[in-house]
Amino acid sequence: MDAKSRMDLLLQHLKMNAVSFSKSIGKERPQLVYDILKGKTKNISHTLANQIISVFPEIRKPWLIAGDGPMLESVISENPQSNEAPQPQPQQPNDDSAATPALDELAELRRSLLQLIENNGKLIESNAMLVDSNRQLVQNQQTQFERLIRLVDK
């Protein structure tokens, strides 16, 4: 199974499109996913596989990289004898009423967590800038204090 087919199956399994999937794994733009889906990029790299697994740990890295074995970790534990990748399921109509509340809640929690991580990164950058600014202020005050001491000593 080629990388394009694996990416198609992965997106179907996750019920995501290329844009939402890319954002969920921390990519600002979906170009890499589109390149795989178009066949322009022939392989899923170890780096990309690691990014996918960090967000979706149920996906198996050997399957992502080479199509080896089943796509999901749970398939191995349920059927240890099977080495076949799961067959694509027919696409169901997009019926929100059929989605289970637990899966909806999990998806919302994942989105919230990704937003929190992004906001945390921005706060860290902002705090670093404040620390640098405060350091500069302290240095300026120290220089002024030293000048004042020299004036008093004269």
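Step through the residues of the stretch 57-67 one at a time and calculate ³J(HN,Hα) from phi using the Karplus curve (6.51 cos²θ - 1.76 cosθ + 1.60, θ = phi - 60°), rounding each to whole Hz and writing x for Gly and Pro.
Listing the rounded values in order: x, 6, 7, 8, 4, x, 5, 4, 7, 10, x Hz.
Please report the net charge: other residues with Cβ closer than 13 Å to the Cβ of D153, K and R +1, D and E -1. Present the calculation step by step, with values, prior to reporting the outcome.
Details: positive: R147, R150, K154; negative: E146.
That sum, taken over residues with Cβ under 13 Å, equals +2.
Accessible area per residue of the stretch 1-63 at 1.4 Å probe, in Å²?
Values: 3480 Å² over 63 residues.
About 55 Å² of surface per residue is accessible.
At a Förster radius of 30 Å, what calculated FRET efficiency corresponds to the Cβ-Cβ distance of L106 and M129, to the nearest 0.05? Intermediate results must be reported in sequence, preceding the final value.
Details: r = 35 Å, r/R0 = 1.18.
Computed FRET efficiency for L106 and M129: 0.25.
Would you list, by chain and number, the lysines whose Cα falls below 25 Å from the Cα of K4, excluding same-chain residues fewer than 8 positions away?
Once the sequence-local lysines are set aside, what remains near K4 is K15, K23, K27, K38, K40, K42, K61.
Net charge near K4, counting Lys/Arg +1 and Asp/Glu -1 over other residues with Cβ under 11 Å of its Cβ?
Numbers: positive: R6, K38, K40, K42; negative: D2, D8, D35.
Local net charge: +1.
The values are calculated or read from the model by the stated rules, or taken from the named source; none is laboratory data. Everything quoted here is computed from the prediction, not taken from an experiment. Glycine also receives a Cβ, built like all others from the backbone with ideal geometry; neighbour counts cover every protein chain displayed. For accessibility, only protein heavy atoms count, side chains too; no ligands or nucleic acids. Shrake-Rupley method; radii C 1.70, N 1.55, O 1.52, S 1.80 Å.
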